[in-house]
């Protein structure tokens with residue numbers, strides 16, 4: 001985060017990030033391509049985080065281990081549902 005904004009000054013974005021909780025929201029890049037009779041989905045997730053304090057690790061670590069996996073699975077499932085709906089919609093329009 002160094003170097004964001006004016007040299008030597010902390011930007012408002014940097015100040016907000018430093019004041020937030022341990023996990024900063026992720027930025028997700030998604031690429032969907034239809035080819036070879038199927039759909040290819042490529043997902044990239046970038047997130048910044050801080051270490052979990054030892055006192056809270058026993059409580060928070062199970063969440064931080066499972067949450068990214070759950071988010072990725074939910075996103076893939078939502079994408080699958082949307083692709084199926086679109087395919088069904090296209091088929092019904094072609095029949096009419």
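The values are calculated or read from the model by the stated rules, or taken from the named source; none is laboratory data. These figures come from a predicted structure and were not determined experimentally. Glycine also receives a Cβ, built like all others from the backbone with ideal geometry; neighbour counts cover every protein chain displayed.
Odds and ends about this structure:
- Sole exception among (1) at pLDDT below 80; (2) surrounded by 10 or more Cβ atoms within 10 Å (Cβ to Cβ) for residue 34, by number: (1)
- Long-range neighbours under 8 Å by Cβ, at least six apart or interchain, first residue loosely packed, with under 12 Cβ neighbours inside 10 Å within the range 59-70, second outside any helix (DSSP H, G or I): 61/52
- Note on the range 42-90: residues that are under 23 Å from residue 29 (Cβ atoms) and assigned to a helix (DSSP H, G or I) amount to 23.
- Residue list for the range 37-48, filter: exposed (fewer than 10 other Cβ atoms within 10 Å of the Cβ) and in contact with a helix residue (DSSP H, G or I) (Cβ under 9 Å, 6 or more places away or on another chain): none
- Selection from the range 44-66 of residues that are at pLDDT 80 or above and within 11 Å of the chain's Cα centre (by Cα): 44
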